[in-house]
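The values are calculated or read from the model by the stated rules, or taken from the named source; none is laboratory data. Please read all numbers here as calculations on a predicted model, not as lab measurements. The protein model used for the area step is the full one, side chains on, heavy atoms only, and it has no ligands, DNA or RNA in it. Shrake-Rupley method; radii C 1.70, N 1.55, O 1.52, S 1.80 Å.
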Amino acid sequence: MSAAPELGPAPVRVLIVDDSPFMRLVLRRILSEDDRFRVVGTASDGLDALAQARELQPDVITMDVEMPRLDGVSAVRELMRVRPTPVVMVSTLTRRGAETTLRALEVGAVDYVAKPSGDARELVDLADELRSAVLRAATSRPRSRPASAAPAPVDGRPRDDLDHGPADTVVVIGASTGGPPALTEVVAHLPHPLDAAVVIVQHMPPPFTEALARRLDRLSPLPVREAADQDGLWRNAILVAPADYHLAITPERSVRLERTPARHGVRPSVDVTLECVPSSFGSRSVAVVLTGMGRDGAEGARAVEEAGGTVIVQDEASSVIYGMPKAAKEATRRAIELPLEAIPTAIAAAVKKVQGKGR
């Protein structure tokens, strides 16, 4: 995930929610040892969390996923209805944990960290990740997302009639904090067919990118899967960059997965992918930068624009964190800034526009 912002002198007031006394102790200790935080309370389940949130009014809540009486997803949904508060999910690194965490993000949680299995190194990593995630959350805009607004699964949609030949146009979508629900909104409303290849770069650890790809595939009119090394880029198909790998695009328009050093502190990096696009697709390219902390994607967006492609960025009002879109807008001259709900239509229009520039 992106680096944490620097906040002012007032400590971030945190409510810790976990059904494990041990994890409550670990999380409290991690945060209490840093003067930037003050733990104002702990709760053992979702119902207790809701009561304490009303009473203590914390700046940020850390939320366990699986708890008795009221689970983390249900607690986040209700919290966003009664008192929207930035929530960081604390999730197990399992397929089930990843999928449940994605649901929590879709109903209003803004970030997540992986719960350690008990290894000492993992506890050190948790300390760094938790502090960064809480600081990011403290600068975010929590958003209630009514169930009626969530895209419905589109299983059973016809895909056999789609043209999946080699793509001559590419759309690269980059996101970080707040990205999963934003991607859900965009991908679920892309046209069918789009007549371009789509690559998604979301800052996430394993196994979350695999779960994200499965989730998007259930909601998208276009097939979605996690990318593999040497995959081709095909029209009307979406690839998700796998966690812990940069996704480069070769001049032959295929995928190359790389374990080169992290960029902007993250791997995959949006910039790594976008900077490959000019030599692979030239002006027949669209860069989309969604919500996220930091400036990953800004240099790549500039490269796409200089090659004659189109840059679209999410506006501040609809972003959980406006860092990445703002940086991309400032790095370019003609970026199109739009609210999230307008971006799918803009992508479709941009694809038609760049296809008119010649092959």
message = How large a share of the accessible area of region 193-238, in percent, is made up of carbon and sulfur atoms when the probe is 1.4 Å and the other protein chains stay in place?
response = 51 percent
query = Ignoring ligands and nucleic acids, what accessible area does Arg38 show with a 1.4 Å probe (Å², nearest 10)?
reply = 120 Å²
key: Probe 1.4 Å, accessible area per residue of region 246-345, Å²   = 36 Å²
inquiry  = Using only Cα atoms and rounding to the nearest 10 degrees, what angle (0 to 90) does helix 208-219 make with the longest principal axis of the chain?
reply    = 60 degrees
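As a check on your grasp of the helix formula, calculate [θ] at 222 nm for the chain: sum -39500 (n - 2.57) over DSSP H runs of n ≥ 4, divide by the residue count, round to the nearest 500.
One gets -11000 deg cm²/dmol as the mean residue ellipticity at 222 nm.
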inquiry  = As a test, work out the antiparallel percent of DSSP beta bridges whose residues both lie in the chain, rounded to the nearest 5.
reply    = 15 percent
key: Inter-part distance where region 31-58 and region 255-282 are each reduced to a Cα centre, Å   = 39 Å
message = Could you tell me the center-to-center distance, by alpha carbons, between region 298-314 and region 169-188 in angstrom?
response = 16 Å
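When only C-alpha pairs under 8 Å and at least 6 residues apart count, what is the relative contact order of the chain, in percent? Write down the numbers at each step before the final one.
Working: 861 pairs, mean separation 49.9, N = 359.
Result for the chain is 14 percent.
Arrange the residues Glu316, Glu33, Glu305 by how much accessible surface each exposes, largest first, with a 1.4 angstrom probe.
Largest to smallest exposure gives the sequence Glu33, Glu316, Glu305.
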request  = Determine, for the chain, the count of lysine pairs separated by eight or more sequence positions (or lying on different chains) whose alpha-carbon distance falls under 26 Å.
outcome  = 5
Relative contact order, percent, region 260-338 [alpha-carbon distance under 8 Å, six or more residues apart] = 31 percent
